[in-house]
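Here is the structure we will look at.
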Amino acid sequence: MSSSEQTSPAPSATTPRPPRLTAAGALCGLEALALAVAGVYLLVMGLTGKPDSPQQAETAGVTVIVIGVIPLLAARGLLLRRRWSRGPGLITQIIALPVAWTLLQSDGAMIPVGIAIAAVAVAGLVLLVNRQTTEALGIRPPGHDHDHDRDA
(Lines give C-alpha, C1' and ligand atoms only; values in the text may rest on other atoms or scores of the structure.)
Protein backbone atom coordinates (compact mmCIF):
# COMPACT_ATOMS: atom_id res chain seq x y z
CA MET A 1 0.00 0.00 0.00
CA SER A 2 1.51 3.33 -1.00
CA SER A 3 1.74 6.25 1.36
CA SER A 4 -0.73 8.20 -0.77
CA GLU A 5 -3.32 5.45 -0.25
CA GLN A 6 -2.77 5.53 3.50
CA THR A 7 -3.15 9.28 3.83
CA SER A 8 -5.58 10.13 1.07
CA PRO A 9 -9.16 10.79 2.03
CA ALA A 10 -11.78 8.15 1.43
CA PRO A 11 -13.48 8.29 -1.99
CA SER A 12 -16.63 9.75 -0.46
CA ALA A 13 -14.83 12.81 0.96
CA THR A 14 -16.97 15.11 -1.19
CA THR A 15 -20.12 14.10 0.69
CA PRO A 16 -20.86 15.42 4.18
CA ARG A 17 -19.17 13.53 7.00
CA PRO A 18 -21.67 11.17 8.65
CA PRO A 19 -22.62 12.18 12.20
CA ARG A 20 -21.42 8.84 13.56
CA LEU A 21 -17.95 9.41 12.10
CA THR A 22 -17.88 12.89 13.58
CA ALA A 23 -19.01 11.49 16.95
CA ALA A 24 -16.29 8.81 16.83
CA GLY A 25 -13.67 11.46 16.09
CA ALA A 26 -14.96 13.70 18.87
CA LEU A 27 -14.99 10.79 21.32
CA CYS A 28 -11.38 9.92 20.51
CA GLY A 29 -10.46 13.59 20.91
CA LEU A 30 -12.11 13.69 24.34
CA GLU A 31 -10.25 10.54 25.34
CA ALA A 32 -6.97 12.13 24.26
CA LEU A 33 -7.78 15.21 26.31
CA ALA A 34 -8.69 13.11 29.37
CA LEU A 35 -5.44 11.16 29.08
CA ALA A 36 -3.44 14.38 28.76
CA VAL A 37 -5.12 15.87 31.84
CA ALA A 38 -4.57 12.67 33.84
CA GLY A 39 -0.95 12.49 32.72
CA VAL A 40 -0.25 16.11 33.64
CA TYR A 41 -1.93 15.57 37.02
CA LEU A 42 0.28 12.55 37.74
CA LEU A 43 3.36 14.40 36.56
CA VAL A 44 2.62 17.43 38.76
CA MET A 45 1.90 15.21 41.76
CA GLY A 46 5.20 13.43 41.18
CA LEU A 47 7.13 16.68 40.85
CA THR A 48 5.58 18.18 43.98
CA GLY A 49 6.43 15.04 45.94
CA LYS A 50 2.93 14.29 47.24
CA PRO A 51 2.68 10.60 46.24
CA ASP A 52 4.52 7.82 48.07
CA SER A 53 6.78 7.36 45.05
CA PRO A 54 7.37 10.58 43.09
CA GLN A 55 9.46 8.76 40.48
CA GLN A 56 6.63 6.30 39.76
CA ALA A 57 4.10 9.14 39.50
CA GLU A 58 6.35 11.06 37.09
CA THR A 59 6.92 7.97 34.96
CA ALA A 60 3.20 7.17 34.94
CA GLY A 61 2.38 10.78 34.03
CA VAL A 62 4.73 10.81 31.05
CA THR A 63 3.48 7.37 29.96
CA VAL A 64 -0.18 8.43 30.11
CA ILE A 65 0.57 11.61 28.14
CA VAL A 66 2.38 9.61 25.45
CA ILE A 67 -0.45 7.05 25.29
CA GLY A 68 -2.85 9.97 24.79
CA VAL A 69 -1.25 10.59 21.41
CA ILE A 70 -2.93 7.45 20.02
CA PRO A 71 -6.54 8.66 20.37
CA LEU A 72 -5.43 12.16 19.34
CA LEU A 73 -4.09 10.83 16.04
CA ALA A 74 -7.21 8.68 15.66
CA ALA A 75 -9.46 11.70 16.23
CA ARG A 76 -7.64 13.79 13.66
CA GLY A 77 -7.63 10.95 11.15
CA LEU A 78 -11.31 10.16 11.65
CA LEU A 79 -12.32 13.78 11.18
CA LEU A 80 -10.20 13.92 8.01
CA ARG A 81 -11.59 10.54 6.84
CA ARG A 82 -8.30 8.67 6.83
CA ARG A 83 -8.74 4.90 6.58
CA TRP A 84 -5.85 4.14 8.90
CA SER A 85 -7.44 6.12 11.74
CA ARG A 86 -10.01 3.46 12.55
CA GLY A 87 -7.31 1.08 13.84
CA PRO A 88 -5.89 3.41 16.51
CA GLY A 89 -9.45 4.36 17.47
CA LEU A 90 -10.41 0.71 17.95
CA ILE A 91 -7.20 0.00 19.87
CA THR A 92 -7.96 2.89 22.23
CA GLN A 93 -11.43 1.55 22.98
CA ILE A 94 -10.22 -2.03 23.45
CA ILE A 95 -7.48 -0.91 25.84
CA ALA A 96 -10.00 1.18 27.80
CA LEU A 97 -12.20 -1.84 28.59
CA PRO A 98 -9.76 -3.63 30.96
CA VAL A 99 -8.95 -0.28 32.56
CA ALA A 100 -12.65 0.23 33.22
CA TRP A 101 -12.99 -3.31 34.55
CA THR A 102 -10.10 -2.77 36.96
CA LEU A 103 -11.67 0.45 38.24
CA LEU A 104 -15.04 -1.26 38.64
CA GLN A 105 -13.37 -3.84 40.90
CA SER A 106 -12.01 -1.13 43.21
CA ASP A 107 -13.74 0.51 46.13
CA GLY A 108 -15.31 3.92 46.42
CA ALA A 109 -14.84 6.87 44.11
CA MET A 110 -13.19 4.97 41.26
CA ILE A 111 -16.32 2.93 40.45
CA PRO A 112 -18.12 5.86 38.72
CA VAL A 113 -14.92 6.57 36.78
CA GLY A 114 -14.86 2.92 35.67
CA ILE A 115 -18.50 3.14 34.59
CA ALA A 116 -17.79 6.29 32.56
CA ILE A 117 -14.73 4.75 30.90
CA ALA A 118 -16.66 1.57 30.05
CA ALA A 119 -19.57 3.56 28.59
CA VAL A 120 -17.25 5.68 26.46
CA ALA A 121 -15.32 2.63 25.25
CA VAL A 122 -18.45 0.72 24.26
CA ALA A 123 -19.90 3.80 22.53
CA GLY A 124 -16.61 4.29 20.71
CA LEU A 125 -16.55 0.68 19.53
CA VAL A 126 -20.14 0.89 18.32
CA LEU A 127 -19.41 4.11 16.41
CA LEU A 128 -16.18 2.79 14.87
CA VAL A 129 -17.63 -0.50 13.59
CA ASN A 130 -20.81 1.15 12.34
CA ARG A 131 -21.49 0.71 8.63
CA GLN A 132 -21.78 4.46 7.97
CA THR A 133 -18.39 5.02 9.58
CA THR A 134 -16.64 2.27 7.65
CA GLU A 135 -18.18 3.38 4.36
CA ALA A 136 -17.24 7.01 4.98
CA LEU A 137 -13.66 5.88 5.59
CA GLY A 138 -13.68 3.84 2.37
CA ILE A 139 -13.33 0.53 4.19
CA ARG A 140 -14.92 -2.32 2.30
CA PRO A 141 -16.63 -5.23 4.05
CA PRO A 142 -14.80 -8.58 3.91
CA GLY A 143 -15.28 -10.31 0.58
CA HIS A 144 -15.71 -7.07 -1.36
CA ASP A 145 -13.01 -6.49 -3.91
CA HIS A 146 -12.74 -4.51 -7.10
CA ASP A 147 -13.96 -7.41 -9.27
CA HIS A 148 -17.33 -7.46 -7.50
CA ASP A 149 -17.78 -3.74 -8.19
CA ARG A 150 -17.51 -4.25 -11.96
CA ASP A 151 -20.15 -7.00 -11.92
CA ALA A 152 -22.71 -4.84 -10.10
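General observations
- Note that the stretch 60-151 presents 60 Å² accessible area per residue, ligands and nucleic acids not counted, probe 1.4 Å.
- In degrees, nearest ten, helix 69-79 long axis to first principal axis of the chain (Cα): 30
- Degrees, to the nearest 10: 110-129 long Cα axis against longest axis of the chain: 10
- Once C-alpha pairs closer than 8 Å and six or more residues apart are averaged by separation and normalised to the residue number of the chain, the relative contact order reads 28 percent.
- The chain, helix-only ellipticity at 222 nm - DSSP H runs n ≥ 4, -39,500 (n - 2.57), divided by all residues, nearest 500: -23500 deg cm²/dmol
- Across the stretch 52-60, computed HN-Hα scalar couplings (Karplus, 6.51 cos²θ - 1.76 cosθ + 1.60, θ = phi - 60°) run 4, 10, x, 5, 5, 5, 5, 4, 5 Hz from first to last residue, x flagging Gly and Pro.
- Counting only protein heavy atoms and using a 1.4 Å probe, the accessible area of Glu135 comes to about 100 Å².
- Highest GNM mean-square fluctuation among Thr15, Thr133, Thr92, for the chain modelled with Cα contacts below 10 Å: Thr15.
- Degrees separating the helix 19-48 axis from the principal Cα axis of the chain, which is the longest one: 20
The values are calculated or read from the model by the stated rules, or taken from the named source; none is laboratory data. Keep in mind that what you see is a predicted model, and the values were worked out from it rather than measured. When the accessible area is computed, the model is the full protein with side chains, heavy atoms only, and any ligands, DNA or RNA have been set aside. Shrake-Rupley method; radii C 1.70, N 1.55, O 1.52, S 1.80 Å.
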